[in-house]
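For reference, the structure discussed in these notes is given below.
The values are calculated or read from the model by the stated rules, or taken from the named source; none is laboratory data. Here the structure is a predicted model, which means the values were calculated and not measured. For neighbour counting, all protein chains shown are included, and Cβ atoms are generated from backbone atoms with ideal geometry for every residue, glycine included. Each accessible area value is taken on the protein alone, full model and side chains, heavy atoms only, with ligands, DNA and RNA left out. Shrake-Rupley method; radii C 1.70, N 1.55, O 1.52, S 1.80 Å.
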Amino acid sequence: MGRKQAFTKSELLDQTKRVLLEYGYEGFQLKLLSKSLVGARSTIYQYYANKEEIVAACMKRSMENVLQKASAIDETDCMTALQHLLDVYLEEANLHQLLGYAHKINKANSAAAAHDLEFVEQAHVTLKNQLERLFARAQEEGHLNTSIPLPAIIGVFFNLIETPNMMNIPTPQWSKLLYQMWLGGVGRR
């Protein structure tokens, strides 16, 4: 009898994200997850104790990825930084869908899940502060129309992430086009 191949933690989290995005939190089951992995279902429990832990770990990993990319952006030119942030958010467009499941996780079932979700919340605040700082600078420097309240400008900016790419343009070009359209609507006239 041949040895069963085991999957890595990274592969497990990749498949967790895929299954979670496809079936939602309610439809996410470890049995369903294990069907998409090569190896024994019991291997999941070598990494995580329950559904809450694995989903929270998936959210944390996605947030770490976004936070790492966002914090590496040079903020010298606030408008260029905003364009690069849009690139990051479009690359990880499903992050908000994932984070939408956070309130469904019962933190009492797992200290590890509670810890990961605390990280996600803190990282979200860090990203929010970065955006607010850049948008405020852009308005102060005269790049944005001061008659439009910043919360409205930021809200429309975030809605760009949900704009369907019906032309199937590669993400970098799609991001640039969305940014140009957004700036045309809120730019200084």
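For the reader, a short list of remarks on this structure follows.
- If you sort Thr146, Thr43 by accessible surface, 1.4 Å probe, largest first, the order is Thr146, Thr43.
- Put Glu162, Glu132 in order of accessible area, highest first, and with a 1.4 Å probe you get Glu162, Glu132.
- Since only Gln139, Leu117, Met166 are under comparison, the one whose Cα sits farthest along the positive direction of the charge dipole of the range 107-185, derived from C-beta charges on Lys, Arg, Asp and Glu, is Met166.
- Of the DSSP H helices in the chain, those with a Cα length along their own long axis of 27 Å or more and a mean Kyte-Doolittle hydropathy reaching -1.0 comprise 51-71, 111-140.
- GNM flexibility winner over the chain from Leu98, Leu37, Leu85 (Cα, springs under 10 Å): Leu37
- Gaussian network model of the chain, Cα within-10 Å springs - most flexible of Ile73, Ile54, Ile169: Ile169
- Largest to smallest in accessible area, the residues Lys128, Lys51 fall in the order Lys128, Lys51 (1.4 Å probe, all protein chains included).
- If you run the Gaussian network model on the chain, springs between alpha carbon atoms under 10 Å, then out of Ala102, Ala57, Ala152 the most flexible one is Ala152.
- Across the range 39-106, the relative contact order, built from alpha-carbon pairs under 8 Å that are at least six residues apart, equals 39 percent.
- Alpha carbon centroid spacing (whole Å) that separates the range 1-56 from the range 95-135: 21
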